[in-house]
Amino acid sequence: MTLQWTGIVLALIALGTIAFGHVAVRKVNYLYGTRPVPYVLLAGLVFLFLSLQMDSDLASAALGILGMTTLWDSFELVRQEERIRRGHAPANPQRPVEPRRQTHLQKKDLDMHSVARNSLRLCSGQAFRNQR
């Protein structure tokens, strides 16, 4: 009986790329914001393309894991910016994050009770009777 080390190697690669990506997203966003997103996205696509070209199953799987985690990190860079806006992540004082424009729904400051109340008014037809 021979031991198959492929699963353990791929698990370690997945763990390493996720851990590195977690730290890299925070550091890159702190230093550069969302400017590197297209480059990170392109790097992920290149890794995925290279994984399709490999003859070795192990190398192909490793590049596939690296490519998908890199693609995910490009999306996380954008989400990290939103976390900074909400105060859930530290902001860089030399690179202030601009607030997002508010939509008309955010301006109304809707809570669950007003949403439910308006839904009931629409279902019962009261909203149309009041407009006449």
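The values are calculated or read from the model by the stated rules, or taken from the named source; none is laboratory data. These numbers were taken from a predicted model, which means no experiment stands behind them. Because the Cβ atoms are built from the backbone with ideal geometry, glycine has one as well, and the counts that use them run over all protein chains shown.
Would you pick out the residues in the range 51-80 that are hydrophobic (A, V, I, L, M, F, W, C), free of Cβ contacts under 8 Å to residues at least 24 places away in the same chain and more than 19 Å from Gly16 (Cα to Cα)?
To start, the set of residues in the range 51-80 that are hydrophobic (A, V, I, L, M, F, W, C) comprises 52, 54, 58-59, 61-63, 65-66, 68, 71-72, 75, 77-78.
Filter again for free of Cβ contacts under 8 Å to residues at least 24 places away in the same chain, leaving 52, 54, 59, 63, 75.
Once the filter is applied, which keeps residues that are hydrophobic (A, V, I, L, M, F, W, C), free of Cβ contacts under 8 Å to residues at least 24 places away in the same chain and more than 19 Å from Gly16 (Cα to Cα), the range 51-80 yields Leu52, Met54.
Residues checked against (1) outside any helix (DSSP H, G or I); (2) under 23 Å from Arg79 (Cα atoms); (3) in contact with a Leu (Cβ under 9 Å, 6 or more places away or on another chain); (4) at pLDDT below 95:
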{"residue": "Leu3", "(1), (2), (3), (4)": "yes, no, no, yes"}
{"residue": "Leu12", "(1), (2), (3), (4)": "no, no, no, no"}
{"residue": "Ala19", "(1), (2), (3), (4)": "no, yes, no, no"}
{"residue": "Val28", "(1), (2), (3), (4)": "no, yes, yes, yes"}
{"residue": "Thr34", "(1), (2), (3), (4)": "yes, yes, yes, yes"}
{"residue": "Tyr39", "(1), (2), (3), (4)": "no, yes, no, no"}
{"residue": "Leu45", "(1), (2), (3), (4)": "no, yes, yes, no"}
{"residue": "Leu48", "(1), (2), (3), (4)": "no, yes, yes, no"}
{"residue": "Leu63", "(1), (2), (3), (4)": "no, no, yes, no"}
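May I ask you to verify whether Leu77 is modelled with pLDDT of 95 or more, part of a helix (DSSP H, G or I) and of a type outside the set (D, E, K, R)? It would help to see each step written out before you state the result.
Details: modelled with pLDDT of 95 or more: no; part of a helix (DSSP H, G or I): yes; of a type outside the set (D, E, K, R): yes.
Spelling it out, it is not the case that Leu77 is modelled with pLDDT of 95 or more, part of a helix (DSSP H, G or I) and of a type outside the set (D, E, K, R).
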Anything in the range 1-43 that is surrounded by 13 or more Cβ atoms within 10 Å (Cβ to Cβ), over 16 Å from Gln80 (Cβ atoms) and either among the β-branched types (Val, Ile, Thr) or touching a Ser or Thr at 6+ places or on another chain (Cβ under 8 Å) (or both)? List them, or say none.
Val9, Ile13, Ala14, Thr17, Ala43
His88 vs. criteria within 22 Å of the chain's Cα centre (by Cα) and modelled with pLDDT of 90 or more
no
